[in-house]
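K.L.:
Just dropping this structure here.
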């Protein structure tokens with residue numbers, strides 16, 4: 001059995017340029033509460049999956065990974081949050097826009113049977129707020145054995 005079939009993803013750690021700027025955005029604009037804070041690192045209280053942020057220079061210094069920054073507007077990941085309804089997507093879009101969260105555009109209905117809205121955090125990480133509409137996600141068929 002493969003890792004993806006036996007273990008659940010438990011954490012998403014965003015690699016960021018400025019931990020204080022990240023904390024400000026996620027606490028004041030998105031309403032997350034800090035669970036743990038250390039030099040160059042923070043994680044937030046969250047349902048099911050832990051959301052964390054780690055400064056690029058800090059992880060590079062301690063773990064030896066590259067601290068090369070991606071060019072602005074280059075997307076390396078999208079963090080998605082499933083909501084209860086299309087109305088909830090619209091409500092959160094209005095609420096977060098009022099707080100200055102930079103959305104790509106207004107919510108829209110997409111061909112994959114979802115209403116979605118997209119925004120960026122201060123490091124350019126793309127976020128998706130979505131709710132299934134109509135038939136929902138539909139059937140997915142694994143073509144690999």
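K.L.:
Can you tell me which residue among 42, 79 is in the same structural domain as residue 113 (by TED's automatic domain parsing) and in a strand (DSSP E or B)? If you could, list the steps in order and put the result at the bottom.
P.N.:
Working: 42 fails: in the same structural domain as residue 113 (by TED's automatic domain parsing).
The unique qualifying residue is 79.
K.L.:
Tell me yes or no: at least one residue of region 105-121 is within 20 Å of residue 9 (Cβ to Cβ) and either in the same structural domain as residue 28 (by TED's automatic domain parsing) or within 18 Å of the chain's Cα centre (by Cα) (or both).
P.N.:
Within region 105-121, the first condition is being within 20 Å of residue 9 (Cβ to Cβ), and the residues that meet it are 121.
If we keep only those that are either in the same structural domain as residue 28 (by TED's automatic domain parsing) or within 18 Å of the chain's Cα centre (by Cα) (or both) too, we end up with 121.
Checked against the condition, which is being within 20 Å of residue 9 (Cβ to Cβ) and either in the same structural domain as residue 28 (by TED's automatic domain parsing) or within 18 Å of the chain's Cα centre (by Cα) (or both), region 105-121 yields at least one hit.
K.L.:
Counting just the residues of region 38-51 that are farther than 14 Å from residue 25 by Cβ and touching a strand residue (DSSP E or B) at 6+ places or on another chain (Cβ under 9 Å), which one comes out surrounded by the fewest Cβ atoms within 10 Å (Cβ to Cβ)?
P.N.:
Step one: filter region 38-51 for residues farther than 14 Å from residue 25 by Cβ, giving 38-41, 43, 45-50.
Now narrow it down to the ones that are touching a strand residue (DSSP E or B) at 6+ places or on another chain (Cβ under 9 Å): 39-41, 43, 45-46, 49-50.
Numbers: 39: 8, 40: 17, 41: 17, 43: 19, 45: 11, 46: 15, 49: 12, 50: 16.
Within region 38-51, the match that is surrounded by the fewest Cβ atoms within 10 Å (Cβ to Cβ) is 39.
K.L.:
Could you look through region 1-23, keep only residues that are free of Cβ contacts under 8 Å to residues at least 60 places away in the same chain and assigned to a helix (DSSP H, G or I), and pick out the one that is surrounded by the most Cβ atoms within 10 Å (Cβ to Cβ)?
P.N.:
By that ranking, first place goes to 19.
K.L.:
Scan region 26-39 for residues that are in contact (Cβ under 8 Å) with a residue 24 or more places away in the chain, in a helix (DSSP H, G or I) and over 16 Å from residue 11 (Cβ atoms) and report the count. Even if it seems obvious, please write down each step before you answer.
P.N.:
Going residue by residue through region 26-39, those that are in contact (Cβ under 8 Å) with a residue 24 or more places away in the chain are 26, 28-30.
With in a helix (DSSP H, G or I) added as a condition, the list becomes 26, 28-29.
Within this subset, residues satisfying the condition of being over 16 Å from residue 11 (Cβ atoms) are 28-29.
Residues meeting the conditions: 2.
K.L.:
How about region 85-105: which of its residues are in contact with a strand residue (DSSP E or B) (Cβ under 9 Å, 6 or more places away or on another chain) and closer than 11 Å to residue 119 by Cα?
P.N.:
Looking only at region 85-105, we keep the residues that are in contact with a strand residue (DSSP E or B) (Cβ under 9 Å, 6 or more places away or on another chain), and these are 85-90, 92-93, 96-97, 101-105.
Once the filter is applied, which keeps residues that are in contact with a strand residue (DSSP E or B) (Cβ under 9 Å, 6 or more places away or on another chain) and closer than 11 Å to residue 119 by Cα, region 85-105 yields 93, 96, 97, 101, 102, 103, 104, 105.
K.L.:
While we're looking at this one, here's another question. If you check residue 66 against the conditions, is it surrounded by 13 or more Cβ atoms within 10 Å (Cβ to Cβ), assigned to a loop (DSSP other than H, G, I, E, B) and out of contact with any helix residue (DSSP H, G or I) (no Cβ under 6 Å at 6 or more places or on another chain)?
P.N.:
The answer is no for residue 66.
The values are calculated or read from the model by the stated rules, or taken from the named source; none is laboratory data. Predicted model, so just to flag it, every value in this text is computed and none were measured. Every residue, glycine as well, gets a Cβ built from its backbone with ideal geometry; the counts of neighbours run over all protein chains shown.
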